[in-house]
Amino acid sequence: MSSSEQQPSTGPPTPAFVIDEAALGTLVTRFQKALAQHWPNSVMSYSVKTNSLPWLLSYMKQRGLWAEVVSDSEYKLARALGFAPERIVYNGPVKSRALLRSALCSGSLTNLDSGREVRWAAELAREKPDLDVRVGLRVNWDLERLCPGESTVGDKASRFGFDFENGNLGEAIGELTEAGVRVAGLHMHRNSRTSSPKVFQASAAVASDIISTLGLDLDWLDIGGGFFGSLNDTELFDQYISSIRATLSGVVDPGQIRLVIEPGGSVIAAPVELHAKVLDVKDIGRQRFVITDTSRVDLDPLFRKSTPFDICAEAAVQQTHPEQVIAGFTCMEDDRLMVLTDYPTLSEGDRIVFRRVGAYTMAYGSSFIEYPPAVYLRRNDGLLSLIRPRGEVEDYLQSNHWRDSLPASSTGSTAIAAS
Ligand SMILES: Cc1ncc(COP(=O)(O)O)c(C=O)c1O
């Protein structure tokens with residue numbers, strides 16, 4: 001056993017994320033099987049932003065997934081980790097002109113999101129008439145109208161993509177086609193509040209309507225991410241892909257058109273735990289506070305409070321306490337993780353394991369007050385191996401170049417331009 005491995009019974013030093021390799025493998029395989037069964041001509045492209053840990057991206061690459069990126073930095077990260085350009089799905093509203101041109105020239109599956117990207121793609125096609133410039137367009141569609149209660153922005157509009165109903169999508173297609181760009185795909189991503197496959201039926205129905213109305217001949221239909229995933233629900237991925245297929249059959253030929261999916265949370269949320277320790281317990285008035293060595297900056301960085309985490313405490317004493325406020329290590333009053341009612345009484349040194357916390361947590365990598373927790377892999381043989389050590393002051397100092405910009409001397413004689 002190497003020094004970075006630990007016996008599972010001890011658990012890792014806290015705070016630490018633990019990725020369960022078996023659980024991750026189960027979810028990835030389940031989605032791959034659903035695609036193989038219902039839409040074999042498909043691409044599973046892992047949403048890098050959801051959790052961009054290099055180990056994870058390399059794991060996904062080994063499992064045959066592509067990388068779905070939404071910024072130039074993510075694109076460069078995927079390339080640095082060995083994803084070929086043609087196995088990268090390049091999305092997002094903030095592409096640079098330079099990288100967009102390079103991605104289009106090197107065959108990345110690219111979905112445009114804004115007018116300036118349409119302009120840049122058209123410009124490229126005019127400049128290089130022999131180049132086969134193909135793009136997809138992100139569609140802005142009204143999820144809330146089709147599936148009431150499902151939109152994460154309620155009845156407010158989503159800001160991504162092109163509106164079909166007000167004519168913007170058609171205009172973008174016109175501008176691209178005229179310049180010699182082939183509009184080869186539609187990108188339908190939306191997030192929803194529930195795991196209902198009806199959201200994906202609605203998405204496929206909108207795509208189907210656009211394809212028929214505009215007479216599009218597409219290479220890909222990118223249905224996006226936004227799926228839910230649970231280790232216990234073995235049917236869900238099948239239901240998603242079979243309902244997408246059923247909605248589109250008769251409109252497109254699944255043998256000709258590639259279905260692209262961009263799962264993030266559905267495959268990486270459930271396999272990850274965060275191990276924390278109780279640092280202190282104090283009673284203030286009628287309230288009991290349990291202070292831990294983790295924080296909302298690690299568990300719920302967007303402060304949505306809807307992060308679905310479970311708690312599993314190894315409480316030493318099996319008595320219960322009516323109300324315990326679990327709090328983080330930061331100095332923020334609202335760094336409260338949850339309130340436990342009639343739960344085993346926690347005391348200093350107890351380990352708390354938060355479950356299903358792999359999505360949109362560690363990717364935010366907060367350096368607020370403390371540096372990011374370590375990450376361990378619980379391997380298939382049950383041993384833990386260290387994937388990323390806990391952040392240290394040295395790491396923070398290394399990423400800053402402040403010395404050269406300090407005033408020349410500390411005596412206050414900094415040069416000031418004469419007026
Ligand atoms: C374009 C796009 N694709 C994929 C995803 C991944 O979504 P999820 O983690 O819900 O699967 C997102 C997340 O919002 C996204 O914006």
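The values are calculated or read from the model by the stated rules, or taken from the named source; none is laboratory data. This one's a predicted model, so the numbers in the text were calculated from it and none came from an experiment. Neighbour counts are summed over all protein chains in view; Cβ atoms, including those assigned to glycine, are modelled from backbone coordinates with ideal geometry. For accessibility, only protein heavy atoms count, side chains too; no ligands or nucleic acids. Shrake-Rupley method; radii C 1.70, N 1.55, O 1.52, S 1.80 Å.
From the list PHE228, PHE237, the one residue that fits, being within 16 Å of the ligand (Cβ to nearest atom), open to solvent by 40 Å² or more (accessible area, probe 1.4 Å) and of a type in the set (A, V, I, L, M, F, W, C), is PHE228. Answer with yes or no whether GLN201 is closer than 30 Å to ARG356 by Cα and either among the polar types (S, T, N, Q) or surrounded by fewer than 16 Cβ atoms within 10 Å (Cβ to Cβ) (or both). So GLN201 passes the test.
Among the residues of segment 240-260, which ones are assigned to a strand (DSSP E or B) and open to solvent by less than 20 Å² (accessible area, probe 1.4 Å)? Within segment 240-260, LEU259, VAL260 qualify.
Among the residues in segment 290-300, are any within 16 Å of the ligand (Cβ to nearest atom) and not in a strand (DSSP E or B)? Yes, because at least one residue in segment 290-300 is within 16 Å of the ligand (Cβ to nearest atom) and not in a strand (DSSP E or B).
Looking across segment 110-130, the residues that are outside any helix (DSSP H, G or I) and either under 26 Å from LEU259 (Cβ atoms) or open to solvent by less than 50 Å² (accessible area, probe 1.4 Å) (or both) come down to THR110, ASN111, LEU112, ASP113, SER114.
Flag not set for GLN319, criterion: away from the ligand (no atom under 16 Å from the Cβ) and open to solvent by less than 10 Å² (accessible area, probe 1.4 Å). Take ARG116 and decide whether it is farther than 26 Å from SER42 by Cα, of a type outside the set (Gly, Ala, Ser) and without any contact (Cβ under 8 Å) to a residue 40 or more places away in the chain. Yes.
From the list THR152, THR177, THR213, THR110, the lone residue that is out of contact with any Leu (no Cβ under 8 Å at 6 or more places or on another chain), free of Cβ contacts under 8 Å to residues at least 60 places away in the same chain and within 15 Å of the ligand (Cβ to nearest atom) is THR152. Being of a type in the set (S, T, N, Q), at pLDDT below 95, open to solvent by 20 Å² or more (accessible area, probe 1.4 Å) and in contact with a strand residue (DSSP E or B) (Cβ under 7 Å, 6 or more places away or on another chain) is the requirement here; does SER158 meet it? Here the answer is yes, as SER158 does meet what is asked. Condition check: in a helix (DSSP H, G or I) and either away from the ligand (no atom under 16 Å from the Cβ) or in contact with a strand residue (DSSP E or B) (Cβ under 9 Å, 6 or more places away or on another chain) (or both). Does ILE223 satisfy that? Here the answer is no, as ILE223 does not meet what is asked.
Could you tell me whether PRO308 is modelled with pLDDT of 95 or more, under 17 Å from ASN51 (Cα atoms) and either crowded, with 18+ Cβ neighbours inside 10 Å or not assigned by TED's automatic domain parsing to the domain that holds TYR46 (or both)? Judged against the criteria, PRO308 is not a match. Residue selection: ALA67 fails the criterion of being of a type in the set (Gly, Ala, Ser) and either loosely packed, with under 15 Cβ neighbours inside 10 Å or more than 19 Å from the chain's Cα centre (by Cα) (or both).
When segment 342-358 is filtered for residues that are under 22 Å from the mean Cα position of the chain (by Cα) and open to solvent by 20 Å² or more (accessible area, probe 1.4 Å), the ones remaining, listed by number, are ARG355, ARG356.
For segment 21-48, taking the residues that are surrounded by 20 or more Cβ atoms within 10 Å (Cβ to Cβ) and within 28 Å of SER367 (Cβ to Cβ), the one that is nearest to the ligand (Cβ to nearest atom) is identified as SER47. With respect to the stated conditions, PRO263 is closer than 30 Å to ASN380 by Cβ, assigned by TED's automatic domain parsing to the domain that holds VAL135, within 16 Å of the ligand (Cβ to nearest atom) and buried (at least 16 other Cβ atoms within 10 Å of the Cβ). No other residue among ALA276, ALA269 is hydrophobic (A, V, I, L, M, F, W, C), at pLDDT 95 or above and within 16 Å of the ligand (Cβ to nearest atom) apart from ALA269.
Restricting ILE211, ILE284, ILE268 to those that are of a type in the set (A, V, I, L, M) and buried (at least 19 other Cβ atoms within 10 Å of the Cβ) reduces the list to ILE268.
This table checks each residue for (1) touching a residue at least 40 places away in the same chain (Cβ under 8 Å); (2) of a type outside the set (Asp, Glu); (3) under 30 Å from ASN41 (Cβ atoms).
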residue	(1), (2), (3)
GLN201	yes, yes, yes
GLY229	yes, yes, yes
GLU262	yes, no, yes
ARG296	yes, yes, no
GLN318	no, yes, no
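Taking segment 362-375 as the range and being at pLDDT below 95 and touching a Phe, Trp or Tyr at 6+ places or on another chain (Cβ under 8 Å) as the test, the residues that pass are MET362, SER367.
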